[in-house]
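Below is one structure, written out as structure tokens; the observations come after it.
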Amino acid sequence: MARSVTAALNTQLTAIELEPFFLIDLEFDGGTLYFWTGIRPLTWNGNEYIGAGNLIGISQIAETAEVRAVGVTLTMSGFPAEIISIALSEAYQGQPVKIRFGAMSSDAVVADPYLIFDGRMDVMTIDDSGSTATVSLSVESRLIDLERPRLRRYTPEDQKTNFPNDTGMDFVPTIQNVAIQWGR
């Protein structure tokens, strides 16, 4: 699959020295949390990213030739209590997650980071040992929706859930047992 990496990012990726980083956007109802794999705050695209450094881990991001959902696991540890409280109190399942890959030069972002994963939060596990807390977040690709069963019925009630004024399905029960003789 062809990639639309900008020329500036491509130049940086082929340079002798490379300073790669990841940006992570976790959207919650109360607001979006922005993290990156550096150690200081970073402003990109008008958003302030919290430097998480080695405190954040990203599992392998796989890509397949088949059309199927592939997930990623984010592991975060050593975060302040207010961030952990967001994880405990906010409804997170199904909320958007974006992971971007970029490169830096002289502590500045070289080009627009490339979006390498776009999905939704699935399951969050919190391991609180008392002194530290580790949050493990499973993130699923948007393709997971293809695996969800679509349960629709040819009934008037089902049709009216999407189109309240539609009366086309009102006649289906009356024609179910009608014998139609063709060719006369």
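The values are calculated or read from the model by the stated rules, or taken from the named source; none is laboratory data. Please read all numbers here as calculations on a predicted model, not as lab measurements. Virtual Cβ from ideal backbone geometry, glycine too; neighbours counted across all protein chains shown.
Here Met104 meets the list (1) in contact (Cβ under 8 Å) with a residue 60 or more places away in the chain; (2) out of contact with any helix residue (DSSP H, G or I) (no Cβ under 9 Å at 6 or more places or on another chain); (3) part of a strand (DSSP E or B) almost entirely, failing just condition (2).
Sort out for me the strands (runs of 3 or more DSSP E) sitting completely within the range 1-98 that have 3 or more residues that are within 18 Å of Pro113 (Cβ to Cβ) and either modelled with pLDDT of 85 or more or touching a helix residue (DSSP H, G or I) at 6+ places or on another chain (Cβ under 8 Å) (or both). It would help to see each step written out before you state the result.
Numbers: elements: 19-28, 31-36, 42-44, 47-51, 56-58, 72-77.
Of the strands (runs of 3 or more DSSP E) lying wholly inside the range 1-98, those with at least 3 residues that are within 18 Å of Pro113 (Cβ to Cβ) and either modelled with pLDDT of 85 or more or touching a helix residue (DSSP H, G or I) at 6+ places or on another chain (Cβ under 8 Å) (or both) span 19-28, 31-36, 42-44, 47-51.
Could you grab me the full set of residues in the range 111-151 that are closer than 21 Å to Arg40 by Cβ and either surrounded by 19 or more Cβ atoms within 10 Å (Cβ to Cβ) or modelled with pLDDT of 80 or more (or both)? Break it down stepwise before answering.
Filtering the range 111-151 for residues closer than 21 Å to Arg40 by Cβ gives 111-113.
Asp112, Pro113 - these are the residues of the range 111-151 that are closer than 21 Å to Arg40 by Cβ and either surrounded by 19 or more Cβ atoms within 10 Å (Cβ to Cβ) or modelled with pLDDT of 80 or more (or both).
For the range 107-117, enumerate the residues that are part of a strand (DSSP E or B) and more than 19 Å from Met76 (Cβ to Cβ).
So the first thing to find is which residues in the range 107-117 are part of a strand (DSSP E or B), and the list is 108-109, 114-117.
Matches in the range 107-117: Ala108, Val109, Tyr114, Leu115.
Hey, can you tell me all the residues within the range 39-52 that are loosely packed, with under 13 Cβ neighbours inside 10 Å and under 14 Å from Asp107 (Cα atoms)? Selection gives Ile39, Arg40, Pro41, Thr43.
The residues of the range 1-38 that are exposed (fewer than 12 other Cβ atoms within 10 Å of the Cβ), within 15 Å of Gly102 (Cα to Cα) and β-branched (Val, Ile, Thr) amount to a single one, Thr14. It is to be established whether one or more residues within the range 43-62 are out of contact with any strand residue (DSSP E or B) (no Cβ under 7 Å at 6 or more places or on another chain) and closer than 12 Å to Phe22 by Cα. Yes.
Go through the residues of the range 154-172 one by one and say whether even a single one is part of a loop (DSSP other than H, G, I, E, B), at pLDDT below 80 and either closer than 30 Å to Glu82 by Cα or of a type in the set (Lys, Arg) (or both). There is no residue in the range 154-172 that is part of a loop (DSSP other than H, G, I, E, B), at pLDDT below 80 and either closer than 30 Å to Glu82 by Cα or of a type in the set (Lys, Arg) (or both).
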